[in-house]
């Protein structure tokens with residue numbers, strides 16, 4: 001199937017991302033519509049970004065919805081058939097979108113097409129076991145995968161909307177594994193996910209939020225990583241398997257929390273406290289309620 005570039009809209013979910021989002025926007029073709037979902041009520045940010053870029057519409061969520069919730073909100077505003085999901089700390093190469101469009105000619109159907117990270121050590125996809133020996137990072141051929149990271153992927157909205165009772169991102173995930181969950185559900189519906197090796201992006205990795213909030217964001221990440229890990233496994237494999245999957249994390253986090261209490265390392269102590277709390281809250285069925293303590 002052939003994608004027309006005019007059928008693509010970009011969604012960028014941002015939160016305190018002013019320091020990196022401009023490089024992301026500038027790397028996108030000016031004739032492609034961009035929707036920014038800013039997880040805040042920052043009217044000044046909205047005014048400035050819409051005045052600076054004619055192809056950008058900024059939607060303020062008025063509260064922090066997380067990545068999945070933000071992307072779902074963006075999808076509601078899209079009137080086109082394809083949504084290119086990007087993190088604000090991603091920069092496209094010159095031919096990123098062009099190569100995705102070209103690759104679409106070579107396949108009959110797809111649910112997701114994704115570019116590839118320009119750094120081999122930061123691969124943005126997971127293969128099925130049977131494909132490990134067949135796929136090489138520097139190969140130029142399109143290849144199928146079981147999941148891709150959510151910081152850069154093109155969703156075929158037209159096809160996915162045809163799946164009965166299909167929801168896009170599970171908003172129970174605030175942060176982490178919402179893309180793995182989406183990909184797993186897509187694969188379960190016998191849909192295809194492909195990586196386009198000629199389409200490359202640069203991902204700064206963990207730089208989407210202003211570094212002055214680094215500590216609070218790190219606490220939040222640790223809480224949500226553990227919450228999401230248990231929830232994901234419980235959702236797809238059941239409670240007992242989920243417990244077995246996180247048991248090592250539970251023991252390790254508890255021991256490290258005790259150790260850093262004894263050596264008076266307050267920062268590390270809080271990191272492992274957050275891991276414990278995220279995991280325990282998920283295990284008892286609490287929602288992913290923790291939010292970074294940063295003013296919107």
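Cα centroids of region 160-199 and region 28-105: how far apart, whole angstrom?
Centre-to-centre (Cα) distance: 18 Å.
Among [x] 75, 65, 31; [y] 62, 43, 41; [z] 59, 50, 37, find the value of Cα extents along the principal axes in Å that was calculated from the structure presented, and write down its label.
Matching the structure shown: [z].
Measure off 7 Å from each Cα along the Cα-to-Cβ vector at residue 30 and residue 284, then give the distance between these two points in nanometres to one decimal.
About 5.6 nm, to one decimal.
Within region 197-213, whose backbone N sits under 18 Å from a point 7 Å along Cα→Cβ of residue 266?
213
Answer rounded, prolate or oblate for region 165-276, using the Cα gyration tensor with square roots of eigenvalues a ≥ b ≥ c: rounded when a/c is under 1.5, else prolate when a/b is larger than b/c, else oblate.
oblate
How high is the FRET efficiency from residue 23 to residue 189, r the C-beta distance, R0 30 Å, rounded to 0.05?
E(calc), rounded to 0.05, equals 0.25.
Taking the chain as the reference, fit the longest principal axis to its C-alpha atoms, fit the long axis of helix 239-262 to the helix C-alpha atoms, and give the angle between the two in degrees, 0 to 90, nearest 10.
60 degrees
May I ask what percent, to the nearest 5, of DSSP beta bridges between residues of the chain are antiparallel?
Around 40 percent antiparallel, to the nearest 5.
Explain nothing, just the number: relative contact order of the chain, from Cα pairs under 8 Å at least 6 residues apart, as a whole percent.
Result for the chain is 20 percent.
Sort largest first and round to whole Å: the equivalent ellipsoid semi-axes of region 211-283, each the square root of five times a Cα gyration tensor eigenvalue.
Result for region 211-283: semi-axes of 24, 15, 6 Å.
Expressed in nm to one decimal, what extension gain is obtained for the pair residue 235 and residue 55 from 0.36 nm per residue of sequence separation less their Cα-Cα distance?
Between residue 235 and residue 55, full extension yields 60.9 nm more.
Order these peptides, 56-66, 170-180, by their mean beta-carbon neighbour count within 10 angstrom, highest first.
The most tightly packed comes first, giving 170-180, 56-66.
Could you work out how far apart the two model spin labels at residue 293 and residue 118 are, taking each label as a point 7 Å from the Cα in the direction of the beta carbon, and quote it in nm?
It works out to 3.9 nm between the two label points.
A short reminder: the numbers here are calculations on the coordinates, not readings from a lab. For clarity, every value in this text was computed on a predicted model and none was experimentally measured. For neighbour counting, all protein chains shown are included, and Cβ atoms are generated from backbone atoms with ideal geometry for every residue, glycine included.
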